[in-house]
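For reference, the structure discussed in these notes is given below.
Derivation of every value follows stated rules applied to the coordinates shown; laboratory data play no part. None of the values given here were measured: they were computed from a predicted structure. Neighbour counts run over all protein chains shown; Cβ positions are idealised from the backbone, glycine included.
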Amino acid sequence: MPHTAHRLDALRYRDLEVRASFGLSYEGLRPEARRLFRFLGLLEALDFPLWAAAAAVDTELRAAQELLDELVDVHLLDVTGTPKGQARYGFYDLIRAYARERAEVEEPVEARDEAVVRVLSALLALTDIADRDHMGQNMFQRDADRWQPTRVEASLPPSVPRMELLDSERIPLVAGVRQAAELGRDELCWELAVGGHALFETQRYYDDWQECYETAMGLAKAADNMRGRARLLISMAGLRYTRRRYGPAEEANTEAMGLFERIGDERGYLEALSNAPFFLVPNGHLAEAITAGCEAYERLNAGGQAAAAHAYSQVGLAHLQAGRPEVAVEVLTEIVAGARKQGIRTLIARDTYWLGQAQLALGRHAEAEESFTELTAYARDVGSPGAFYTAHAWGCLHLARGEYAGVSTTRTCSRVCWKGSPGCGPRRETTPPRGTWPTRRLPFLVGQTTGTLSDRVGLLFPSFRADTGRGGRA
């Protein structure tokens, strides 16, 4: 920004200072529009939607829209696009520099900081909305202030999944974590970082996940915010899990449990306990996973928390891995039924996959077909790998039935789905999200009793073996 401000000083066009040209347009605005212009220039995000403008000046959506239109009319603001039916606005670099300059001249520091905090608090409200829509309810207790959640939600296109809208805010979210850290707002900073967990996990934005964790953890430690540290450790455990670093993942989760115990946060402790089976199962600690999952389910389910179902689903997986598919069917049937009742689409997608596999292990092909049909309907809710999981499920069913033409078709489909996944790029990795893809040793679900699941996947889809398992720092 200092470099851009210098360009603002130096640049002339036909002997007219650019600053003076901007000033003519700026001075012609109503005071409310000038104030919005100044505050929007303080944001690190390159573009923003209507709710961000409303939060910046703490006003109603209709009033904010009128102010945005006024800025667009005089070419101080531009409509950058309407992705997913939601208009986004942005500045050219020099106009942004001018807006920030006017804010620094005309607004006290406190007013500038509070404007930024309001926008970040509105973004935090959006993470809640997306998490609730995606998971059925908010998984974490959050205490930082939110700016007008009802206004934020009212501004969103009604037919677009909220997690997709949050995906449009990925870059502003990462920038917002940095900006909250610069302002020293530790609670807001770590809650924004944790609020991006589901987005980072399902879309495999692992670099962003790591950056947000490091930024927020540094501030939480400096502020001696033990609860924030514990929450961030749970999130980091998830990142390490997705990168198949199960030992470090378990260590981070255990450290989080210890911090929650120290501060007497029982709910936080139970949520960390509910994560424990995810790390115990791939490490082969099946008895411990079943014990932890059952305890978490019993204690969390009394409060109707979604985390209880996530923990208990791993109990079903542990029984399946231990060669008890009949018990796994009982557990997973209960979980899927509860997920339907609560509307937790991601849980339905994940556990209908496992339920179908357990049914296949028992030779119940018709029941497995019903489970995989439901999986197909919800596959998009587990993120970009959903199509691959669906193809693999149907491939297993075809193989179990001896329908080898179907196996060939699903093998081709899976290769296209996996290679064409948005996750296959420089910013993402191809390891599936936590808790959605099988790990380590399970019985062959179509009649054999030994071998790793990756071996079984390789029988159907050899390309999978080469595409998974790329790790990274965590």
Between the modelled labels at residue 266 and residue 295 (7 Å from Cα along Cα→Cβ) the distance in nm is 1.5
Length gained if residue 223 through residue 46 is fully extended, taking 0.36 nm per residue and subtracting the Cα-Cα distance, is 60.8 nm
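Classify the stretch 155-234 from the C-alpha gyration tensor, please: rounded if a/c falls under 1.5, else prolate or oblate depending on whether a/b exceeds b/c. List each step's numbers first, then the result.
Numbers: a/c = 2.20, a/b = 1.84, b/c = 1.20.
Since a/c reaches 1.5 and a/b is larger than b/c, the shape of the stretch 155-234 is classed as prolate.
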Here the stretch 220-231 yields Karplus 3J(HN,Hα) values (6.51, -1.76, 1.60; θ = phi - 60°; whole Hz; Gly and Pro given as x) of 4, 5, 4, 8, 6, 8, 5, 5, x, 4, 5, 4
One finds, for residue 132 and residue 30 with R0 = 41 angstrom and r their Cβ-Cβ distance, a FRET efficiency to the nearest 0.05 of 0.65
Using alpha carbon centers only, the stretch 213-277 is separated from the stretch 304-339 by a whole-angstrom value of 24
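Order the peptides 328-334, 44-50, 76-82, 221-227 from the highest to the lowest mean number of other Cβ atoms within 10 Å of their residues.
Values: 328-334: 21.9, 44-50: 19.9, 76-82: 16.4, 221-227: 14.9.
For the peptides 328-334, 44-50, 76-82, 221-227, the packing ranking is 328-334, 44-50, 76-82, 221-227.
To the nearest 0.05, what FRET efficiency results for residue 110 and residue 60 with a Förster distance of 25 Å applied to their C-beta separation? The partial results should precede the final answer.
Details: r = 23 Å, r/R0 = 0.93.
With a Förster radius of 25 Å, E is 0.60.
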